[in-house]
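Report on the structure given below.
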Amino acid sequence: MDLNIRKAIYANISNNDQEQLEATIVDAITNGEEKMLPGLGVLFELIWNHSNEEEKKEMITSLESGIQNDL
């Protein structure tokens, strides 16, 4: 069985507006279910691929800070 997670995620969110996209992200994080992690990864990949170098640096800085604060 060939399951393409990216295509499935893209299909599920292709018509979503900003409010719906935010709700998807918040719901996935709030529920904390392991099965949501691949979807969040695909969303992060989309964000990363459509970000400029400055935005990427900001994300890395934020990630580093979050890791240091959560440990």
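The values are calculated or read from the model by the stated rules, or taken from the named source; none is laboratory data. Quick caveat, the model's predicted, so the values are computed rather than measured. With ideal geometry, Cβ positions are generated from the backbone for all residues, glycine too; neighbour counts draw on all protein chains shown.
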Within the range 34-71, can you find the residues that are exposed (fewer than 11 other Cβ atoms within 10 Å of the Cβ) and in a loop (DSSP other than H, G, I, E, B)?
His50, Asn52, Leu71
Please work out which one of (1) modelled with pLDDT of 95 or more; (2) over 10 Å from the mean Cα position of the chain (by Cα) is the condition Asn4 fails and give its number.
(1)
Scanning the range 1-33 residue by residue, those aliphatic (A, V, I, L, M) and surrounded by 10 or more Cβ atoms within 10 Å (Cβ to Cβ) turn out to be Ile5, Ala8, Ile9, Ala11, Ile13, Leu21, Ala23, Ile25, Val26, Ala28, Ile29
Hits in the range 1-37 - residues which are farther than 15 Å from Ile47 by Cα and either β-branched (Val, Ile, Thr) or in contact with a Lys or Arg (Cβ under 8 Å, 6 or more places away or on another chain) (or both):
Ile5, Val26, Ile29, Thr30
Suppose we keep only residues that are under 21 Å from Lys7 (Cα atoms) and β-branched (Val, Ile, Thr) within the range 30-71. Which one would you say is nearest to the chain's Cα centre (by Cα)?
Val42
Consider Ile60 carefully, then state whether it is modelled with pLDDT under 95 and among the β-branched types (Val, Ile, Thr).
no
